[in-house]
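The values are calculated or read from the model by the stated rules, or taken from the named source; none is laboratory data. Nothing here was measured: the structure is a model prediction, and the numbers come from that model. Cβ placement follows ideal geometry from the backbone for every residue including glycine, while neighbour counts extend to all protein chains displayed.
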Amino acid sequence: MKKWIICLMVLFLFVWVKAEKVTTLNEIFRTDQVEVDKDRLYIVDHTKVFVYSLKNYKLEAKFGEQGEGPKEFKIRPGDRVYVYPIGNYIYVDSLGKVSIFTKKGEYVKEMRAVKGAYFTPVGDNAFVAEGSIEDGKNVYTTINIFDKNLNMGKELYRRMDIFQKNTNTAMLFDVALAFKASKDRIFITGQEGFVVSIFDLKGKEIFKIEREYKKRPITQKDKDDVFDWYKHDPRYNEEHYQRIKQILRFPDYFPAIEDIIVKDEKLYVRTYNVKDDKYELVVFDLNGKYLNTYYVNLKRMNPLEPYDFDIANGNIYQVIEDENTEKWDLHIFPIK
């Protein structure tokens with residue numbers, strides 16, 4: 001009897017672990033963003049957008065090409081195209097413009113921007129975006145509100161850019177600058193410590209979320225892992241690698257926040273804290289009330305970032321490359 005129970009438990013564990021991988025996305029060459037709503041999975045692959053059903057994981061739509069035309073997306077090296085499904089439409093942010101498509105991939109219109117980058121829709125009539133400004137000495141990164149026609153409005157946040165003129169150093173694991181939006185609020189993190197500032201659509205800061213946290217030290221192994229990744233990354237030759245070794249600097253501790261996600265009327269704050277090889281996820285409601293802390297098994301693509309993922313419907317959806325097949329697999333696991 002005991003052997004039967006043990007065998008059943010082992011079988012159950014095996015099936016549960018395997019159940020995290022739900023399908024292989026054969027159409028994908030690489031992922032630049034993963035986005036999920038109640039019904040669909042959206043994958044950005046360079047300048048192509050793939051739309052899959054969450055019911056059967058079949059491809060429902062595919063659109064986008066590299067270029068400057070109405071149905072095309074332009075990006076620079078190191079940039080990405082971002083998608084935001086809102087209501088019946090898909091907003092696509094690329095260099096200098098926001099394009100709108102239906103959920104079936106049909107082109108609707110585009111809006112071009114004079115200033116700003118990384119436009120995130122806020123409800124139906126506004127955007128929040130990143131900008132850059134110089135004062136003669138220093139370079140600053142700014143976060144501004146933009147109207148529905150991508151005209152720049154109020155500045156919400158400003159900080160020194162990590163890359164300054166006439167300097168030969170860059171600080172890795174600097175305080176993360178991230179902004180996300182709900183239908184009527186903007187969430188920004190970029191300060192020292194565990195701090196998230198929340199603004200309304202007029203640019204007024206309505207409250208802050210502040211929380212004590214335990215600093216995680218950056219060890220020599222952490223540094224070695226970063227340099228080892230740069231050394232073996234095919235995008236960098238030996239000359240680039242030696243240059244990177246010269247300019248990179250590390251703080252003594254990881255920052256409090258790595259990124260934030262706003263989904264399903266919740267704010268998810270991802271930190272650098274680790275327990276049993278799982279990463280801390282601190283959850284609040286949109287009024288700043290603390291709800292819970294989870295440790296989730298996110299797989300990292302390299303020492304600097306995890307594989308692309310999103311949170312929706314109480315689950316984490318992460319697309320991971322299988323090193324043996326070189327295919328991209330969708331993994332789903334509940335937050336608990």
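Overview of results
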item	result
Among residues of segment 234-248, those that are in contact (Cβ under 8 Å) with a residue 24 or more places away in the chain and surrounded by 12 or more Cβ atoms within 10 Å (Cβ to Cβ), counted	2
Any hit, segment 36-47, residues being touching a Pro at 6+ places or on another chain (Cβ under 8 Å), modelled with pLDDT of 95 or more and more than 25 Å from His331 (Cβ to Cβ)	no
Flag for Gly116 being of a type outside the set (Val, Ile, Thr), out of contact with any strand residue (DSSP E or B) (no Cβ under 8 Å at 6 or more places or on another chain) and either surrounded by fewer than 16 Cβ atoms within 10 Å (Cβ to Cβ) or modelled with pLDDT under 85 (or both)	no
Segments classed as strands (runs of 3 or more DSSP E), wholly inside segment 256-329, with at least 2 members that are in contact (Cβ under 8 Å) with a residue 12 or more places away in the chain, of a type in the set (Ser, Thr, Tyr) and surrounded by 13 or more Cβ atoms within 10 Å (Cβ to Cβ)	266-275, 290-296
Qualifying residue in segment 78-86 (condition: within 15 Å of Thr102 (Cα to Cα) and either part of a loop (DSSP other than H, G, I, E, B) or polar (S, T, N, Q) (or both))	no
Residue among Phe179, Phe127, Phe173 that alone is over 29 Å from Arg249 (Cβ atoms), within 20 Å of the chain's Cα centre (by Cα) and among the aromatic types (Phe, Trp, Tyr)	Phe127
Inter-residue pairs, beta-carbon under 7 Å, first of a type in the set (A, V, I, L, M) and in segment 219-230, second surrounded by 14 or more Cβ atoms within 10 Å (Cβ to Cβ), 6+ apart	Val226/Leu172; Val226/Pro303
Filtered residues of segment 97-124 (kept if over 20 Å from the mean Cα position of the chain (by Cα), assigned to a strand (DSSP E or B) and either under 14 Å from Lys202 (Cα atoms) or of a type in the set (D, E, K, R) (or both))	Lys109, Glu110, Arg112
